[in-house]
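Report on the following structure.
The values are calculated or read from the model by the stated rules, or taken from the named source; none is laboratory data. Because the structure is predicted, anything quoted here is derived from the model rather than measured. FYI the Cβ positions are ideal-geometry reconstructions off the backbone, even for glycines, and counts take in every protein chain you see.
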Amino acid sequence: MIEAQKPVVLVVDDDAMIRKVIERVLVEGYRVVEACDGEEGLQKVREMMPAAVIADVQMPKMDGFALCKAICDDFELADIPVMLMSAVENTDELLKVYDVGGQGFITKPLNPKVLSARIARMLQVCADRAQLKSQIHFATTTAFTAMSSMSETGLLMETLKNFNLCQTAQNLAQQILMAVQQFQLEGVVQLNMDERAITLNLQGEASGVECAILHQMASMDRIVQYRNRLSVNYPNAKLIVSNMPVADEERCGRLRDNLAIMIEAAEARLEAIRVKATLTTTQNKLVVMNSIQSLTSTLIEIDQQQRLGRNERAVLFADVMMKLESTLSAFGLSDSQEENLLNIVRVGWEQIAATYTDEAALQDKLTAVVQTLKASLDESSSR
């Protein structure tokens, strides 16, 4: 193995002979670095970050137990395994190794085969532990990401459900901004409804600059992101977000997809609102037209009845006059008396007829109104 690629093992012992023995045992598979006491050993651990440390228990300045505890208590060094060496092996010694966080223990005099096996085993255990920690970290990160994604998806689904309750473009714009805020974002939304634009931000009416930017978006692609700004552009629904979390690329991608889906759904809901408004207008027009048609029919009937009544009254009066003339002769009245009586009746009739003349003028006006309404109805029916 190339020397530079070998794992570094730091040997800490105040006995130079022991250090050389260990170096000869490990030289084939490791690059051995030496230190003569605990203080020097701790300094080299921090400088070199070795794969493992082998330290004697009894040393001046800082013994092996103190060195091991210092390594294990340091957050940056804690993953480096330490094997302690001692001339004795008893319960008290082993408990001390355990208490200070030692990963291995070997007694002197050293057995080369045992030393090689134990150092290899210690490094393998540490490697397995590091891999497991990495897997746990990955699983935890994945779980949090999934929960975050589920939360964002849930928010999107709730927003789309609320879209169906929006009956006006104003309500729809407010619902979009509420969702943007719940995504912990800031933005401006614009909805175009029958040539009238509703442009809002989280504070209320959008500024002139925001409106100008939204106007420029009409010629842009459907989705455009530049640094931490995102624009989603549909013909009648537009959104600008100013604080996309670009540092979190995965979340940024999820939010981009969710916002695009949301604005596409808003575009569809806006069209539904427009269609419903058109249908409502059409229905109102039909109600008005039906009312006019019914009124016209009634007025035509009234006009016909009144004109017929005028003619009938004239015929009845003429008949009454004839009967009166024939009846007066039976009363033995003189000619002058009969004429006077007939004149009284004629004057009364003329007075009554004068009122009919005024009614006739009103009748002609009513007839003209009826004819106008009927012509309008015929024209509307032919379209």
Residue in region 122-130 that is more than 30 Å from residue 278 (Cβ to Cβ), in the same structural domain as residue 31 (by TED's automatic domain parsing), among the small types (Gly, Ala, Ser) and at pLDDT below 85 present = yes
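Can residue 16 be described as modelled with pLDDT under 90 and either outside the structural domain of residue 124 (by TED's automatic domain parsing) or of a type in the set (Gly, Ala, Ser) (or both)?
Numbers: modelled with pLDDT under 90: no; either outside the structural domain of residue 124 (by TED's automatic domain parsing) or of a type in the set (Gly, Ala, Ser) (or both): yes.
Spelling it out, it is not the case that residue 16 is modelled with pLDDT under 90 and either outside the structural domain of residue 124 (by TED's automatic domain parsing) or of a type in the set (Gly, Ala, Ser) (or both).
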Every pair of residues 6+ apart whose Cβ atoms lie under 8 Å, when the first sits in region 43-56 and is farther than 24 Å from residue 117 by Cα while the second is of a type in the set (A, V, I, L, M, F, W, C) and assigned to a helix (DSSP H, G or I) = none
Residue identified as without any contact (Cβ under 8 Å) to a residue 40 or more places away in the chain and hydrophobic (A, V, I, L, M, F, W, C) among 33, 25 | 33
Looking at (1) farther than 21 Å from residue 99 by Cα; (2) assigned to a strand (DSSP E or B); (3) not basic (Lys, Arg), can you tell me which one residue 29 breaks?
-> (2)
Among the residues of region 200-217, which ones are over 11 Å from residue 177 (Cβ atoms) and either of a type in the set (Gly, Ala, Ser) or surrounded by 13 or more Cβ atoms within 10 Å (Cβ to Cβ) (or both)?
-> 207, 208, 210, 211, 212, 213, 214, 215, 217
Scanning region 57-100 for residues that are surrounded by 12 or more Cβ atoms within 10 Å (Cβ to Cβ) and of a type in the set (Val, Ile, Thr), the one nearest to residue 115 (Cα to Cα) turns out to be 82
Does region 243-254 include one or more residues that are of a type in the set (Val, Ile, Thr) and under 30 Å from residue 275 (Cα atoms)?
-> no
